[in-house]
1. Determine the alpha carbon to alpha carbon distance for each of Lys48/Lys122; Lys121/Lys169; Lys171/Lys201; Lys13/Lys122; Lys13/Lys48 and list only those over 22 Å.
2. I want to verify a result. In a Gaussian network model of the chain, Cα cutoff 10 Å, which of these has the top mean-square fluctuation: Asn155, Asn66, Asn141?
3. Which cross-chain or sequence-distant (5 or more) residues have an amide H under 5 Å from the amide H of Phe147, H modelled 1.01 Å from N in plane?
4. Mind telling me which of Ser176, Ser148, Ser74 comes out most flexible in a GNM of the chain, alpha-carbon contacts under 10 Å?
5. Where the centroid of each part is defined by its Cα atoms, how far is region 77-109 from region 128-207 in Å?
6. HN-Hα J couplings of region 88-96 from phi, Karplus 6.51/-1.76/1.60, θ = phi - 60°, integer Hz, Gly and Pro as x?
7. Can you find, among Ile8, Ile92, Ile136, the residue sitting farthest towards the positive end of the charge dipole of the chain, where Lys and Arg contribute +1 and Asp and Glu -1 at Cβ?
8. Running a GNM on the chain with Cα contacts under 10 Å, which residue among Glu154, Glu166, Glu53 ends up with the highest mean-square fluctuation?
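Derivation of every value follows stated rules applied to the coordinates shown; laboratory data play no part. Predicted model, so just to flag it, every value in this text is computed and none were measured. FYI the Cβ positions are ideal-geometry reconstructions off the backbone, even for glycines, and counts take in every protein chain you see.
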Amino acid sequence: MNNLDKLIALFEKFPGVGARQAKRFAFHILTMQDADSAELSRLIAEIKGTVVECASCHRFFATAYNETICSLCSSSQRTHTKLLIVSQDSDIQAIERAGVYDGLYFVFGGTVPLLNSGENKKLRGGALKATIETRIPEGLNEVTIGFSVNPDGENTARFVESIIGEILKEKGIVISYLGRGLSTGSELEYADAETIKNAFKNRSASE
Ligand SMILES: [Zn+2]
């Protein structure tokens, strides 16, 4: 495989990128200004050392002084007794933009597709359970599941319940669902601030 084919093959692994688009990306790089392509390769080479995964919520953040905990998790302005479980980093960005939530997050790392029984290795089931067990003695009293309103989101919510439902029930902590305040088919990531505000207002407890 020559370098161009290797580059195309790597772009094809990007989420939502097909063979044709991967080819367009690779050829686009060949037509870029030298300064831009140099900057692109520098950023790719350095990003893993400068952007790290938060040890607490698991979102990615830019670290300046080798911190292991992100600014949201270490902020005293946030309510540390609330936990909102989301699928991916971009969901946090959408919710933060809406400015209606002041608790902490947990990034679950993806969804459990309804039609695929094989477990996604990126999902953080074990880490979520450990987080809940640590937070309960620290006063955790509100857990919200914030997945998109589609079959995969619902399926993932059931999977999360199977991991933490029992522990929370024992402590009398109710799980509420953000998704039930969104309309069917909504992707949290693309929801506007007003929709997210309503989702928080209308979120409902488990039945
Ligand atoms: Zn964090």
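1. Lys121/Lys169; Lys171/Lys201, as the Cα separations exceed 22 Å there.
2. Highest fluctuation among the options: Asn66.
3. Placed amide hydrogens put Leu178, Gly179 under 5 Å from Phe147.
4. Checking each option, the largest mean-square fluctuation is seen for Ser74.
5. Cα centres, region 77-109 to region 128-207: 11 Å.
6. Once rounded to whole Hz, the list reads 9, 3, 5, 5, 4, 4, 4, 6, 4.
7. Of the options given, the answer is Ile8.
8. Comparing Glu154, Glu166, Glu53 in a Gaussian network model of the chain, the most mobile one is Glu166.
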